[in-house]
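Asker: Here you go, one structure.
The values are calculated or read from the model by the stated rules, or taken from the named source; none is laboratory data. Please read all numbers here as calculations on a predicted model, not as lab measurements. Every residue, glycine as well, gets a Cβ built from its backbone with ideal geometry; the counts of neighbours run over all protein chains shown.
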Amino acid sequence: MSLVKVNEISLAAAIEASLGTLPASPVWDLLEFNTINSFGATITKTARNPISRLRQRRKGTPTDLESGVEFEADLTGQIAKRFLPGFVFANWSGVTALQSGALFQTLAAGAGTYTHAALGAALIQNTLVYARGFGLANNNGLGVVDAAGTTTVTNIVGDPQSAETPGNFDGATLEVCGFRTAAGDLSIAVTGTSGVLTSAGAVDFTDFDLTPGQLIYIGGLTSATRWASGRHGSARIVSVDSATQVTLDKIRTTPAATALVTQAPGDANPVDILFGRFLRNVDVLDADYLERSEQFELAYPNLGGTGVDGYEYAQGNFGDTISFNIQGQDKATVTLGFVGTDTPPATTTRETNGATPVESNETVAYNTATDLARLRLENVDEDGLTTCFKNLTLSLANGVTPEKCLGSLGALGLNTSNFLVDLECLVTFDNVEVTEAIRNNDTCTIDFVVKNDDGAIGIDVPALTLGGGDKEFEVGQTVRMNLQGEAFADPLLGTSIGISLFPVYPSDGN
């Protein structure tokens with residue numbers, strides 16, 4: 001007897017061309033997972049049970065089929081980039097020049113250049129780019145465009161690039177990650193946690209498709225690309241007012257020694273502005289609205305003891321629920337649940353390109369101690385008096401249900417309900433402001449950023465109300481309070497969530 005061992009299976013995913021149908025040449029992404037909670041079809045059979053002197057059932061018949069996939073994984077850059085659009089039902093916004101093509105594949109590095117055949121538009125001078133996944137170390141890292149790029153070549157200042165042509169499935173990537181301003185060009189006027197960022201004319205903020213609700217980081221990786229005062233930090237875009245002015249809020253106010261405060265123009269240093277892709281839920285008629293289905297491949301080695309591997313394909317899956325689990329002194333994890341249309345029995349025939357999946361170069365897990373750059377519950381306690389979080393779970397749900405019809409086994413289509421964002425967390429109870437916010441039904445907001453060498457993920461819930469408030473009294477511990485939050489459409493932004501991805505983020509960033 002041949003046993004199929006869990007440690008020997010593999011899980012991959014490909015974006016479908018239409019519900020249940022792969023494109024002619026699908027791109028499979030090899031996934032790292034901790035557990036697979038469910039995979040494939042569950043068939044319901046209804047037996048005949050007539051009244052009879054035989055007092056026995058008669059052979060039944062299949063009457064229903066439910067298909068779906070659920071797995072838990074560590075929160076990594078790969079998981080965020082690969083799956084979040086399918087759960088938020090929206091395309092990434094932001095600078096898209098290097099975001100076309102099949103997951104940034106077939107990038108070639110040359111002497112001082114990178115070449116991308118699918119580059120959508122010329123990169124302007126002083127655009128920041130970040131490369132990772134190349135085999136040669138000096139082809140990876142931060143670069144700045146020293147002259148206006150063509151649609152195929154980016155001129156890079158930094159480590160000298162070497163000739164290298166990664167293959168289609170090597171996963172080498174080059175991403176726009178910000179902009180470097182000229183020395184003395186950038187200034188900011190700050191009042192409380194809001195402010196106005198102004199360029200003297202060297203920057204055109206409209207060039208970068210910056211979107212209200214998006215998180216940015218003002219200040220680069222080193223002191224040479226920050227204001228000479230050392231001020232640097234994150235902020236949220238409220239509006240792009242003109243080519244030279246952006247209104248901000250959620251400006252970092254701690255620690256006081258480096259927090260962003262008013263900075264006059266004329267500073268001797270160039271200042272980097274870091275950003276990346278941005279994702280937010282949108283109206284179904286919006287140009288960025290997306291209904292994307294996934295197909296999953298589960299590969300079983302030596303299935304049946306025949307020496308031939310078996311492959312099971314879960315078809316036509318919509319993202320139903322995803323939960324971000326941020327537990328104390330641990331790594332951050334996500335649980336992803338999909339509802340699908342069908343999963344036929346395993347076969348020995350593998351789908352096209354299944355044998356050459358893309359292996360991500362962004363698989364470093366975010367931990368909840370040193371990698372948590374910021375976590376703030378605002379409009380309740382601006383000074384952080386009550387926001388000592390012990391744990392946090394943020395869940396997105398789409399209410400996906402299968403559409404079933406007479407004459408078919410399984411689903412012919414999938415329906416979605418309202419997009420829901422819910423929060424559960426445990427905090428220390430230090431003053432009465434949170435309980436007052438629950439009682440008064442005050443509008444609050446929460447955001448957090450996790451960072452590591454693969455960049456950062458910033459999640460912002462712009463408007464929610466708090467519930468719960470029951471307390472825990474454990475001997476020898478602080479008094480703690482359980483909170484629940486229900487997000488709703490923010491009156492200004494019109495969204496329930498904003499997710500900002502940074503290809504690179506300062507190691508000392510908050």
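Asker: So Gly213 ticks every box in (1) touching a Pro at 6+ places or on another chain (Cβ under 9 Å); (2) part of a loop (DSSP other than H, G, I, E, B); (3) modelled with pLDDT under 95; (4) of a type outside the set (Phe, Trp, Tyr) but one. Which box is left unticked?
Answerer: Gly213 satisfies all of (1) touching a Pro at 6+ places or on another chain (Cβ under 9 Å); (2) part of a loop (DSSP other than H, G, I, E, B); (3) modelled with pLDDT under 95; (4) of a type outside the set (Phe, Trp, Tyr) except (3).
Asker: Among the candidates Val246, Val282, single out the residue that is assigned to a loop (DSSP other than H, G, I, E, B), buried (at least 18 other Cβ atoms within 10 Å of the Cβ) and at pLDDT 95 or above. Lay out the reasoning, then the answer.
Answerer: Values: Val246 fails: assigned to a loop (DSSP other than H, G, I, E, B).
Residue meeting the stated conditions: Val282.
Asker: Now for a different question. Looking at this structure, is Glu474 surrounded by fewer than 20 Cβ atoms within 10 Å (Cβ to Cβ), without any contact (Cβ under 8 Å) to a residue 24 or more places away in the chain and over 30 Å from Gly340 (Cα atoms)? Can you show your working first?
Answerer: On the way: surrounded by fewer than 20 Cβ atoms within 10 Å (Cβ to Cβ): yes; without any contact (Cβ under 8 Å) to a residue 24 or more places away in the chain: yes; over 30 Å from Gly340 (Cα atoms): yes.
Judged against the criteria, Glu474 is a match.
Asker: Would you mind listing the strands (runs of 3 or more DSSP E) fully within region 1-89 where at least 1 residues are among the hydroxyl-bearing types (Ser, Thr, Tyr)? Spell out how you get there, then give the answer.
Answerer: Details: elements: 10-15, 28-31, 35-48, 58-74.
Once the strands (runs of 3 or more DSSP E) in region 1-89 are filtered for at least 1 residues that are among the hydroxyl-bearing types (Ser, Thr, Tyr), what remains is 10-15, 35-48, 58-74.
Asker: Oh, and also: If you check Thr393, Thr335, Thr343, which single one turns out to be touching an Asp or Glu at 6+ places or on another chain (Cβ under 7 Å), among the polar types (S, T, N, Q) and buried (at least 19 other Cβ atoms within 10 Å of the Cβ)? So that I can check it myself, show each step before the final result.
Answerer: Values: Thr393 fails: buried (at least 19 other Cβ atoms within 10 Å of the Cβ); Thr335 fails: buried (at least 19 other Cβ atoms within 10 Å of the Cβ).
Thr343 is the lone residue from the list that is touching an Asp or Glu at 6+ places or on another chain (Cβ under 7 Å), among the polar types (S, T, N, Q) and buried (at least 19 other Cβ atoms within 10 Å of the Cβ).
Asker: Would you pick out the residues in region 462-489 that are in contact with a Leu (Cβ under 9 Å, 6 or more places away or on another chain) and in a loop (DSSP other than H, G, I, E, B)?
Answerer: Phe488, the sole residue that qualifies.
Asker: It is to be established whether one or more residues within region 264-276 are modelled with pLDDT of 90 or more, touching a strand residue (DSSP E or B) at 6+ places or on another chain (Cβ under 6 Å), aromatic (Phe, Trp, Tyr) and not in a loop (DSSP other than H, G, I, E, B). Outline the logic, then answer.
Answerer: Our first condition is that a residue be modelled with pLDDT of 90 or more; within region 264-276, this holds for 269-276.
Adding the requirement that they be touching a strand residue (DSSP E or B) at 6+ places or on another chain (Cβ under 6 Å) leaves 270-276.
Imposing the further condition that a residue be aromatic (Phe, Trp, Tyr) reduces the set to 275.
From the residues that got through so far, the ones that are not in a loop (DSSP other than H, G, I, E, B) too are none.
No, the conditions are met nowhere in region 264-276.
Asker: Which residues, counting only those in region 307-332, are of a type in the set (Val, Ile, Thr), in a strand (DSSP E or B) and at pLDDT below 95? Step through it out loud before you land on a result.
Answerer: Filtering region 307-332 down to residues of a type in the set (Val, Ile, Thr) leaves 308, 321-322, 326.
Subset that is in a strand (DSSP E or B): 321-322, 326.
Ile326, the sole residue that qualifies.
Asker: Being more than 22 Å from Asp249 (Cα to Cα), of a type outside the set (Ser, Thr, Tyr) and in contact (Cβ under 8 Å) with a residue 40 or more places away in the chain is true for just one of Leu493, Leu406, Leu412, Leu464. Which residue is that?
Answerer: On the way: Leu493 fails: more than 22 Å from Asp249 (Cα to Cα); Leu406 fails: in contact (Cβ under 8 Å) with a residue 40 or more places away in the chain; Leu464 fails: more than 22 Å from Asp249 (Cα to Cα).
Exactly one residue qualifies, and that residue is Leu412.
Asker: Looking at region 292-332 only, could you name the residues that are surrounded by fewer than 16 Cβ atoms within 10 Å (Cβ to Cβ) and either not charged (D, E, K, R) or not assigned by TED's automatic domain parsing to the domain that holds Ser18 (or both)? So that I can check it myself, show each step before the final result.
Answerer: Let us first name the residues in region 292-332 that are surrounded by fewer than 16 Cβ atoms within 10 Å (Cβ to Cβ), namely 301-302, 304-308, 327-330.
Matches in region 292-332: Pro301, Asn302, Gly304, Gly305, Thr306, Gly307, Val308, Gln327, Gly328, Gln329.
Asker: I've got another one for you. Using the structure shown, decide if Val153 is modelled with pLDDT under 80 and hydrophobic (A, V, I, L, M, F, W, C). Please lay out each step first, then the result.
Answerer: Details: modelled with pLDDT under 80: yes; hydrophobic (A, V, I, L, M, F, W, C): yes.
Against the criterion (modelled with pLDDT under 80 and hydrophobic (A, V, I, L, M, F, W, C)), Val153 qualifies.
Asker: Are any residues in region 181-219 β-branched (Val, Ile, Thr), more than 15 Å from Asp272 (Cα to Cα) and in contact with a strand residue (DSSP E or B) (Cβ under 7 Å, 6 or more places away or on another chain), and if so, which ones?
Answerer: Within region 181-219, the subset β-branched (Val, Ile, Thr) is 181, 188, 190-191, 193, 196, 198, 203, 206, 211, 216, 218.
Applying the additional criterion that residues be more than 15 Å from Asp272 (Cα to Cα) yields 190-191, 193, 196, 206, 211.
Those that are β-branched (Val, Ile, Thr), more than 15 Å from Asp272 (Cα to Cα) and in contact with a strand residue (DSSP E or B) (Cβ under 7 Å, 6 or more places away or on another chain): Thr193, Val196, Thr206, Thr211.
Asker: Would you pick out the residues in region 337-358 that are of a type in the set (A, V, I, L, M, F, W, C) and in a loop (DSSP other than H, G, I, E, B)? Even if it seems obvious, please write down each step before you answer.
Answerer: The initial filter retains those residues of region 337-358 that are of a type in the set (A, V, I, L, M, F, W, C), namely 338-339, 346, 355, 358.
The answer is Ala346, Ala355.
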